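J.: Please see the structure below; I have some questions.
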Amino acid sequence: MSDATSPLRVLSPVSGTALPLDTVPDPVFSQSMVGPGVAVHPEPGQEGGQEGVQDAVSPIAGTLVKLHPHAFVVMAPDHRRGVLVHLGIDTVQLAGEGFTLLAAEGDELEAGAPVVRWSPGTVAAQGRPSVVPVVALDASADALSDAADGAVEHGDPLFTWA
């Protein structure tokens, strides 16, 4: 079990291209208002299946403390570090359309456990960016290291939170 002094390895919840958070077309994320992190730009249709449907997985082991169709927060076992995964930008306006919940608030998750099934291509087809900000909530920018840059698969290391 990790504590607040041990580094927390945060994994990519989706497959795509990891880029700096400032590439996200939303100032809440690009200006790190809720915390620093990494953006993953999924390739529509990248994974097999209908319309490029893929599962967004938990980036860390912990408790699923918030769950919406378009976003979720997993709290680390230390109860001090939470990671936000936001599936696309302005996707709250889709009212859950195109998203299937695979877990429930309060669930204890292993890193890599499926949380939401979604289609980045469907999000993009509805005129919304399908980028996935992965944010270390309320962390300082210097708390993150080893940020991924380039191609990642879900479950690959995305950054380390000291």
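J.: Of everything in the range 104-162, what is within 21 Å of G35 (Cβ to Cβ), among the charged types (D, E, K, R) and in contact (Cβ under 8 Å) with a residue 40 or more places away in the chain? Give them in sequence order.
T.: Matches in the range 104-162: E105, D138, D149, D156.
J.: Can you tell me which of (1) under 20 Å from L67 (Cα atoms); (2) at pLDDT 95 or above is the one D149 doesn't meet?
T.: The number of the failed condition is (1).
J.: Look through the range 30-46, keep the residues that are under 14 Å from the mean Cα position of the chain (by Cα) and over 14 Å from L144 (Cβ atoms), and return whichever of them is modelled with the highest pLDDT. Spell out how you get there, then give the answer.
T.: Taking the range 30-46 first, the residues under 14 Å from the mean Cα position of the chain (by Cα) are 34-42.
Now restrict to residues that are over 14 Å from L144 (Cβ atoms): 40-42.
Details: V40: 97, H41: 94, P42: 92.
So the residue we want is V40.
J.: In addition: If Q54 meets every condition in (1) surrounded by fewer than 23 Cβ atoms within 10 Å (Cβ to Cβ); (2) under 22 Å from A103 (Cα atoms); (3) in contact with an Asp or Glu (Cβ under 9 Å, 6 or more places away or on another chain); (4) modelled with pLDDT under 95 apart from one, which number is that one?
T.: Q54 satisfies every listed condition except (1).
J.: Sticking with this structure for a sec: So which residues in the range 127-145 are at pLDDT below 95 and hydrophobic (A, V, I, L, M, F, W, C), if there are any at all?
T.: Across the range 127-145, the qualifying residue is only A141.
J.: Please work out which one of (1) at pLDDT below 95; (2) in contact with an Asp or Glu (Cβ under 9 Å, 6 or more places away or on another chain); (3) not aliphatic (A, V, I, L, M) is the condition H79 fails and give its number.
T.: The failed condition is (2).
J.: Another question, if that's okay. Name the pairs whose Cβ atoms lie under 7 Å apart, with the first residue in the range 79-99 and farther than 17 Å from S15 by Cβ, the second of a type in the set (S, T, Y), and 6 or more positions between them or separate chains?
T.: G98/S119; G98/T122
J.: Of the residues G88, G96, G106, only one is small (G, A, S), touching a Lys or Arg at 6+ places or on another chain (Cβ under 7 Å) and assigned to a loop (DSSP other than H, G, I, E, B); which?
T.: Working: G96 fails: touching a Lys or Arg at 6+ places or on another chain (Cβ under 7 Å); G106 fails: touching a Lys or Arg at 6+ places or on another chain (Cβ under 7 Å).
Going through G88, G96, G106 in turn, the sole match is G88.
J.: When the residues of the range 144-162 are narrowed to those that are in contact with a Lys or Arg (Cβ under 9 Å, 6 or more places away or on another chain) and over 13 Å from A18 (Cβ atoms), which ends up surrounded by the fewest Cβ atoms within 10 Å (Cβ to Cβ)?
T.: Of the range 144-162, the ones in contact with a Lys or Arg (Cβ under 9 Å, 6 or more places away or on another chain) are 146, 157-161.
Add one more test, that the residue is over 13 Å from A18 (Cβ atoms), and what stays is 160-161.
Numbers: T160: 15, W161: 22.
Only one residue tops the list, namely T160.
The values are calculated or read from the model by the stated rules, or taken from the named source; none is laboratory data. Owing to the predicted nature of the structure, the values given are computational and were not obtained by experimental measurement. For neighbour counting, all protein chains shown are included, and Cβ atoms are generated from backbone atoms with ideal geometry for every residue, glycine included.
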